[in-house]
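*Asks:* Okay, handing you the structure first.
The values are calculated or read from the model by the stated rules, or taken from the named source; none is laboratory data. Note that the structure is predicted; figures quoted are calculated from it, not measured. Cβ coordinates were reconstructed from backbone atoms using ideal geometry, including for glycine residues, and neighbour counts include every protein chain displayed. Quick note on the areas: whole protein, heavy atoms, side chains included, nothing else; ligands and nucleic acids left out. Shrake-Rupley method; radii C 1.70, N 1.55, O 1.52, S 1.80 Å.
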Amino acid sequence: AQRVTQPEKLLSVFKGAPVELKCNYSYSGSPELFWYVQYSRQRLQLLLRHISRESIKGFTADLNKGETSFHLKKPFAQEEDSAMYYCALRASGSARQLTFGSGTQLTVLP
Amino acid sequence: DAMVIQNPRYQVTQFGKPVTLSCSQTLNHNVMYWYQQKSSQAPKLLFHYYDKDFNNEADTPDNFQSRRPNTSFCFLDIRSPGLGDAAMYLCATSRQGSVNYNEQFFGPGTRLTVL
């Protein structure tokens, strides 16, 4: 069975500082990893996925299979980045299900 | 232009009194999911429908049932709610077969309170 761990429940940084939200996973196959975000009073939505190798709102995440990690990074945090961030994993093959981590609440201070 | 709609947003029920939560979507997605999310915890998948095929997670209690009468609607029935079933219930959809089918679109959730 797969598992996703986000070790930090809360993370605070100052505006303009770099930010890294940690995500580790355990899965024996080749997973697909995602970051979902939930801004205050909004619904959960996809931020980025590892297969796209994209930068969204300045955020990037690299899948490190050796360390089984998928940390989310942004070099200069903005106040509007304050939100709840969830790391999620989809098992390989035809699986449709996502396994979520417990989330990290990011607060960017002025 | 809401795409995944959940009604009601807040539901209060009594211990043991059956309750139904509803989800509808305007995306014409063929997969619909129900998640349970308790305070400070990860969303936990209860079950999902791939078209009309129902897929139950192994650890979903029998107390939770689901119906999908058509593509647009999916219901979550809790037959005898207990205090431990108080949670946020999230509905999500995705389109299997499209390039980006792995993206799930979430509704705003229904917060269930059990008295």
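*Asks:* Largest first and to the nearest Å, give the Cα extent of segment B:1-90 along each principal axis.
*Replies:* The Cα atoms of segment B:1-90 stretch 35, 30, 26 Å along the principal axes, largest first.
*Asks:* Follow-up. Over chain A, with a Gaussian network built from C-alpha contacts below 10 Å, which listed residue (A:82, A:69, A:92) shows the highest mean-square fluctuation?
*Replies:* Per the Cα network of chain A with a 10 Å cutoff, A:92 tops the list.
*Asks:* For a quick check of your reading of the filter: which chymotrypsin sites (Phe, Trp or Tyr not before Pro) in segment B:1-77 sit in a DSSP loop and have no more than 14 other Cβ atoms within 10 Å?
*Replies:* B:15
*Asks:* Continuing with this model, one more query. With a Förster radius of 41 Å, plug the Cβ-Cβ distance of residue B:86 and residue A:20 into 1/(1 + (r/R0)^6) and report the FRET value to the nearest 0.05.
*Replies:* 0.75
*Asks:* Something else now. Based on the alpha carbons, how large is the Rg to Rh ratio for the protein assembly as shown when Rh follows Kirkwood?
*Replies:* Checking Rg against Rh, the ratio lands at 0.97.
*Asks:* While we're here: Can you give me the distance in nm between label points at residue A:92 and residue B:103, each placed 7 Å from the Cα along the Cα-to-Cβ direction?
*Replies:* 2.5 nm
*Asks:* Between residue B:28 and residue A:56, what FRET efficiency follows from the Cβ-Cβ distance if R0 is 41 Å, with the result rounded to 0.05?
*Replies:* The calculated FRET efficiency here is 0.95.
*Asks:* A further question follows. On a 22 Å Cα-Cα criterion, which of the cross-link pairs A:15/A:73; A:74/B:44; B:17/B:52 come out too long?
*Replies:* A:74/B:44; B:17/B:52
*Asks:* Before I look further, what does segment A:3-109 give for accessible area per residue, probe 1.4 Å, in whole square angstrom?
*Replies:* I get 48 Å² per residue for this part.
*Asks:* For chain A, max minus min Cα coordinate along each principal axis, in Å, sorted largest first?
*Replies:* 43, 29, 24
*Asks:* Here's something else I'd like to know. Could you compute how fast segment A:1-52 diffuses translationally, taking Rh as the Kirkwood radius over C-alpha pairs and applying Stokes-Einstein at 20 °C with viscosity 1.002 mPa s? Give it in µm² per second.
*Replies:* Answer from the Stokes-Einstein relation: 161 µm²/s.
*Asks:* Any aspartates and glutamates with Cα under 13 Å of the residue A:65 Cα? List them, leaving off those in the same chain fewer than 8 positions away.
*Replies:* A:32
*Asks:* Calculate the FRET efficiency for residue B:15 and residue B:59 from the Cβ-Cβ distance with a Förster distance of 25 Å, rounded to the nearest 0.05.
*Replies:* My answer for the efficiency is 0.65.
*Asks:* Taking chain A as a Gaussian network, where each spring joins two C-alpha atoms under 10 Å apart, which residue of A:95, A:17, A:83 fluctuates the most?
*Replies:* A:95
*Asks:* I need the semi-axes of the equivalent ellipsoid of segment B:40-115: take the C-alpha gyration tensor, multiply each eigenvalue by 5, square-root it, list largest first in whole angstrom.
*Replies:* Taking √(5λ) for each Cα gyration eigenvalue gives 23, 15, 12 Å.
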